[in-house]
Amino acid sequence: MARTPRSEPFHDPSEAAASEPNWAVAVRAAEAKKAKDIRVLDLRGITTFADYFVICSGANPRQIRAIADEIGAALKKYGERPANVEGYDNAGWVLLDYGDLLVHVFSDEARSYYDLERLWRQAKEVPVTPG
């Protein structure tokens, strides 16, 4: 049986992890699943429980779970596994806890209600350029 070539080049996780921060990996994964309004907040110097928030939105529960799954798979390639995942079954707000990185995948309604960007307005926003 012939093997088909990989659709993406092989990357050594240790090499890539050294060159790209975990929040950037999460952003690219969210973009791949068409997440909306992706924001990265730098919390260093503001709190000790996390260095970065990645915040994004999905249109419906299926897309929200797909975004969360893609982020989890991408970070796993770099040896990162979440300490905890909350809200996956409900999919109104999925929280992926990677220790220094917290990823929030919201429905539009939940994002508007919890308004993390306002709550953490003293955080510096990291510019995200579409990948």
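Quick note: the coordinates plus some simple rules give every number you see, no bench work behind them. Remember, predicted model here, so these are calculated numbers, not experimental data. Backbone-built Cβ (ideal geometry, glycine too); neighbour counts: all protein chains shown.
Worth a mention:
- For A29: the one exception among (1) surrounded by 16 or more Cβ atoms within 10 Å (Cβ to Cβ); (2) over 13 Å from the mean Cα position of the chain (by Cα): (2)
- Residue check, P130 surrounded by fewer than 16 Cβ atoms within 10 Å (Cβ to Cβ), in contact with a helix residue (DSSP H, G or I) (Cβ under 9 Å, 6 or more places away or on another chain), of a type outside the set (A, V, I, L, M, F, W, C) and in a loop (DSSP other than H, G, I, E, B): yes
- If the condition is being closer than 23 Å to S112 by Cβ, without any contact (Cβ under 8 Å) to a residue 40 or more places away in the chain and exposed (fewer than 13 other Cβ atoms within 10 Å of the Cβ), then segment 48-85 contributes only R62.
- Selection from segment 56-90 of residues that are acidic (D, E) and more than 24 Å from P127 (Cα to Cα): E86, D89
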